[in-house]
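Sharing a structure here in structure tokens format.
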Amino acid sequence: MKKLIVAASCALAMMTGTAQAQDLRIAFDVPYEPFEYRDDNGELTGFEVELATAMCEELQANCEFVIQAWDGMIPGLLARKFDLIMSSMSITPERAERVLFSEPYYITPGGWFGPESFNTDVTDMDAMKDKTVGVQRGTTMDTYVTENMGGVVNIKRYTTAEDMVLDLEGQRLDVVFVDYPVGEQTVLNKEGYKEVGEPIKLGEGVGVAMRKRDAKLAEDVNAALKKLKEDGTYDTIMQKYFSYDIKI
């Protein structure tokens, strides 16, 4: 299936003589509300989409936004299908062996969500035995459930959070473990669902992922994100999507 490529509305670099603006392709996994999703008009939006647009303006780069399924993110980056991943990728030692991360630009915990009828303690492995838990494939939530609950619960892995929530609504899952803001936006906003366990902090925060060779690009990205935090742009964008501080 062809990947949908969406041109971002990023500012052109200030031209001096024959200087060219830098061209960058940034990958997102969509939908992953409130980080990246399509609004009622079909336009790509969300916290990371707006932050990426502001970052591109700060870098004076021409940016193209690429829609990529989560499980193909790192392979696509390494195959040069895009230049950066800015799609809620948690920094982990395993991933850091393959890609170069920016400094973390936000951190949120994983959250447990399920129907109001679910009253099992998710930390009680005897009580959780044979329960079916939904996670998005290849995420830190997937790793956590696999390492801590594998052999106890039935783990169902999904390519998208949207498909996972549909199966929760269809009663094919007992609970889901997902990035907390995603659970807020896609589960808690539905009647009959609740948070069913304490949030769990995972990883070292979320960073922009790049190829190992792109050290200069990583420096530029870090400088741009730092500037956006210092001048208030980051906070303005964050407050549109979250009622709490997600900044590192």
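Working carefully through the options E184, E230, find the one that is out of contact with any Pro (no Cβ under 7 Å at 6 or more places or on another chain), of a type outside the set (A, V, I, L, M) and at pLDDT 95 or above. Talk me through it step by step, then tell me what you get.
Working: E184 fails: at pLDDT 95 or above.
The match here is E230.
Let me ask something additional. Scan Y144, Y180, Y158 and give me the residue that is among the aromatic types (F, W, Y) and open to solvent by less than 30 Å² (accessible area, probe 1.4 Å). Spell out the reasoning first.
Numbers: Y144 fails: open to solvent by less than 30 Å² (accessible area, probe 1.4 Å); Y180 fails: open to solvent by less than 30 Å² (accessible area, probe 1.4 Å).
Result: Y158 is the single residue among Y144, Y180, Y158 that is among the aromatic types (F, W, Y) and open to solvent by less than 30 Å² (accessible area, probe 1.4 Å).
I'd like to verify a number: residues in the range 183-215 that are of a type outside the set (G, A, S), open to solvent by 20 Å² or more (accessible area, probe 1.4 Å) and assigned to a loop (DSSP other than H, G, I, E, B), how many?
Quick first cut of the range 183-215, residues of a type outside the set (G, A, S) only: 184-191, 193-196, 198-202, 204, 206, 208, 210-214.
Those still in the list that are open to solvent by 20 Å² or more (accessible area, probe 1.4 Å) too: 184-186, 188-191, 193-196, 198-202, 204, 212-214.
Add one more test, that the residue is assigned to a loop (DSSP other than H, G, I, E, B), and what stays is 188-191, 196, 198-199, 201-202, 204, 212-214.
Residues that pass the stated criteria total 13.
Follow-up. Within the range 78-110, which residues are part of a loop (DSSP other than H, G, I, E, B) and β-branched (V, I, T)? Can you show your working first?
Of all residues in the range 78-110, those part of a loop (DSSP other than H, G, I, E, B) come to 79-83, 86-89, 91-92, 97-99, 102-105, 107-109.
Correct list: I91, T92, V99, I107, T108.
Would you point out the residue of the range 235-248, among those that are touching a residue at least 60 places away in the same chain (Cβ under 8 Å), farther than 15 Å from A52 by Cβ and of a type outside the set (D, E, K, R), that is least open to solvent (accessible area, probe 1.4 Å)? Give the derivation first.
Let us first name the residues in the range 235-248 that are touching a residue at least 60 places away in the same chain (Cβ under 8 Å), namely 237-238, 240-242, 246-248.
With the extra rule that they be farther than 15 Å from A52 by Cβ, the set shrinks to 242, 246-248.
Filter once more, keeping what is of a type outside the set (D, E, K, R): 242, 246, 248.
Numbers: F242: 18, I246: 2, I248: 98 Å².
Residue satisfying both the conditions and the ranking: I246.
Any residue that is open to solvent by less than 60 Å² (accessible area, probe 1.4 Å), in a loop (DSSP other than H, G, I, E, B) and at negative phi - is there at least one of those in the range 223-234?
No, there is no match, as no residue in the range 223-234 is open to solvent by less than 60 Å² (accessible area, probe 1.4 Å), in a loop (DSSP other than H, G, I, E, B) and at negative phi.
The values are calculated or read from the model by the stated rules, or taken from the named source; none is laboratory data. Keep in mind it's a predicted model, so treat the numbers as computed, not measured. Quick reminder, even Gly has a Cβ in these numbers, built from the backbone with ideal geometry, and neighbours come from all protein chains shown. In case anyone asks, the SASA skips ligands and DNA or RNA and just uses the protein heavy atoms, side chains included. Shrake-Rupley method; radii C 1.70, N 1.55, O 1.52, S 1.80 Å.
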